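Here the structure is laid out as structure tokens; the discussion comes afterwards.
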């Protein structure tokens, strides 16, 4: 039986990855921070199947202990301060968790079990002000947020440990991947939650920032499968994981309202733009300047060719299916809450 240690197991990706590994017969350990109130987050339904170990990415002693307890054959580092907006408000904490925290877990592995395989969750936000389209493994990085900068350190320190200590350490440069378990602060889940609440009369309208921002959106279930595949290879390498398609935020909004039975059309430009319900004429979407980033990332579009060819990976959930699954889940949740 293989052993796996997942940091960030309570999050979206961590819970899907834990499910995948349990299905494959792994013994799964999950790193979680101690809180005054125990909160298993998205992994709550797996409490009886996972062994939880207390630890923190900024405390290397606790990470060494987690490695000693788990004796993990595979370590998946998904822990992060993962919300881009918060990284401007907490730049130092973001750097310590998303950057230095990666060095901490790598040192813990090197100290306890250097033969363990390591996966680092890198991000398309490292490309930021994109230097070429689509973005692939060789595309130069240009991060546009404290989050992107911190993640870039984590990416390069992983590569450095691979080349310096001959460790099996790889990074998955994952483009935007969403799901029914996405946090409410992220734009996709903010949209589907708001649409559901508007549908049931619990909210008047949805306020968003840059409606023209373009993202490469996939489903988290597909992307955690790519993580696992990376650690099953004979040699460690870095891979872009993406759909190869880009969509505007506006398209996501339109589709979410459509699946909820409320067609809308957009009028105006920039901060004057509004989404109006075709049936009632009521304004349901407005642009609010406070939701714009200090430095915008206008376009992200990944090239997954290397992952498809070398790993045999491909996505199974389409953009339309992703939005439909998310809006249905929020409609059911809000309906039951009401």
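Figures for the structure shown
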quantity: Ranked 283, 53, criterion: other C-beta atoms within 10 Å, fewest first; calculated: 283, 53
quantity: Sequence-separation-based contact order of region 193-314, relative, with Cα cut under 8 Å and 6+ spacing, percent; calculated: 35
quantity: Theoretical FRET efficiency, 1/(1+(r/R0)^6), r = Cβ-Cβ of residue 39 and residue 291, R0 30 Å, to 0.05; calculated: 0.65
quantity: Mean Cβ neighbour count within 10 Å, used as a protection proxy, ranking 156-163, 241-248, 121-128 highest first; calculated: 121-128, 241-248, 156-163
quantity: Footprinting exposure proxy for 9, 264 (fewest neighbouring C-beta atoms within 10 Å first); calculated: 264, 9
quantity: Difference of contour (0.36 nm per residue) and Cα-Cα distance, residue 272 to residue 184; calculated: 29.2 nm
quantity: Mean projected area (nm²) of the alpha-carbon convex hull when region 3-73 is viewed from all directions; calculated: 4.6
quantity: Global form of region 231-338, assessed from the alpha-carbon gyration tensor, a/c cut-off 1.5; calculated: prolate
quantity: Ranked 219, 45, criterion: other C-beta atoms within 10 Å, fewest first; calculated: 45, 219
quantity: Rg to Rh, two decimals, where the chain supplies the alpha carbon set and Rh follows Kirkwood; calculated: 0.98
quantity: Virtual spin-label span in nm between residue 328 and residue 212, 7 Å along Cα→Cβ; calculated: 3.5
quantity: On Cα atoms only, tilt of 220-230 relative to the major axis of the chain in degrees; calculated: 20
quantity: Helix 12-23 vs. the chain, principal-axis angle (Cα, 0 to 90°, nearest 10); calculated: 50
quantity: Label point 7 Å beyond Cα of residue 318 along Cβ direction - residues of region 230-261 with amide nitrogen under 14 Å; calculated: 245
quantity: Centre separation in Å (Cα based) which lies between region 188-246 and region 125-165; calculated: 19
quantity: Calculated over region 1-132: convex hull of Cα atoms, volume per residue (Å³); calculated: 129
quantity: Percent of alpha-carbon pairs separated by more than 27 Å within region 74-205; calculated: 30
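Readers should treat all values here as calculations from the given coordinates under stated rules, not as data from a laboratory. Worth saying up front: this structure is predicted, and the values here are computed from it rather than measured. So basically every Cβ, Gly included, is an ideal-geometry build from the backbone, and we count neighbours across all protein chains shown.
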